[in-house]
Amino acid sequence: MTHEATARMPRVFLGLGANVGNREANLRLALRWLAAQCEIVAVSSLYRSAAVVVDGASPGPDYMNAACEIATSLSPQALLHFVKRIEHDIGRRPAARWAPRPIDIDILLYGDTVIDMRSPELALTIPHPLIAERNFVLAPLVELASDIDHPTLHRTIGELAEDIDYDGLEHLRGPEWATASDGGGAKDADDSEDGL
């Protein structure tokens, strides 16, 4: 993809999460597979957050979360189908809304596009409706998109990030996590003896 072509494309941001298996390796695998049809422009730091669960349910394993900016010629609908295929190939299967998952890829922003499409075949809401409510979405996203205007809230991502509580969110590693090796029985970043 040429620089000129990339410059003409909308800025697209994805949220990445995993709380089953080798979470960090699953996130790296998702990035590698995304690169088959998208240019990975930037990747955020890696964070750990508690799983969101339905009231009364037992807490699931902690999530690892990150965000990435991509350049793609895929339409929002085609991008959704592409990321759902990646999720399936990494091992995600249909389950309850807050069930543990080996990978979760959400389209957070697609330029200034606003979509609210709900049908049996396709459910797609852009911007992601929970951007302003989830610290594990905003913390990585603000690293990449602090100056981007949210197309329906009419505030920058940086401004939204100033208004959220970051309790329970832990910064694990800088963006270098995305290029680390998975060889040699790699552990999740938070399983290392050194910690942070």
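Rule-based calculations on the coordinates, nothing more; no lab input. Just so we're clear, the structure is a prediction, and the values are computed from it rather than from any experiment. Here the Cβ is made from the backbone with ideal geometry for all residues, glycine too, and neighbour counts use every protein chain on show.
Give me a comma-separated list of calculated 3J(HN,Hα) values for region 103-109, in order, Karplus coefficients 6.51, -1.76, 1.60 applied at θ = phi - 60°, integers in Hz, x for any Gly or Pro.
Couplings: 7, 9, 10, 10, 7, 8, 9 Hz.
Report the Cα centroid-to-centroid distance between region 33-85 and region 146-171 in angstrom, as an integer.
Using only Cα atoms, the two centres lie 17 Å from each other.
I'd like the trypsin sites (Lys or Arg not before Pro) in region 58-166 restricted to DSSP loop residues with at most 10 other Cβ atoms within 10 Å, sorted by number.
Working: sites: Lys84, Arg85, Arg92, Arg97, Arg118, Arg134, Arg155; in loops: Arg92, Arg97, Arg134, Arg155.
When the trypsin sites (Lys or Arg not before Pro) of region 58-166 are filtered for loop state and at most 10 Cβ neighbours within 10 Å, Arg97 remain.
Hey, got the dipole for region 3-178? About the Cα centre, +1 on K and R Cβ, -1 on D and E Cβ, debye to the nearest 20?
Values: 16 positive and 24 negative charges, 165 e Å.
Dipole about the Cα centre, nearest 20: 800 debye.
Choose one of His88, Leu169, His128: the residue whose Cα lies farthest towards the positive end of the charge dipole of region 3-178 (beta-carbon charges +1 Lys, Arg; -1 Asp, Glu; about the Cα centre).
Working it through, the farthest residue towards the positive pole turns out to be His88.
Over region 3-178, what relative contact order in percent results from Cα pairs under 8 Å that are six or more residues apart?
Numbers: 335 pairs, mean separation 53.1, N = 176.
30 percent.
Please give the length that would be gained between Gln37 and His154 if that part of the chain were fully extended, namely 0.36 nm times their separation in residues minus their C-alpha to C-alpha distance (nm, one decimal). If you can, show how the numbers build up before the last one.
Details: separation 117, 0.36 × 117 = 42.12 nm, distance 3.02 nm.
Full-extension gain reported as 39.1 nm.
Let me know the volume per residue of the alpha-carbon convex hull for region 3-178, in Å³.
Working: hull volume 21.4 nm³, N = 176.
It comes to 121 Å³ per residue, whole-number rounded.
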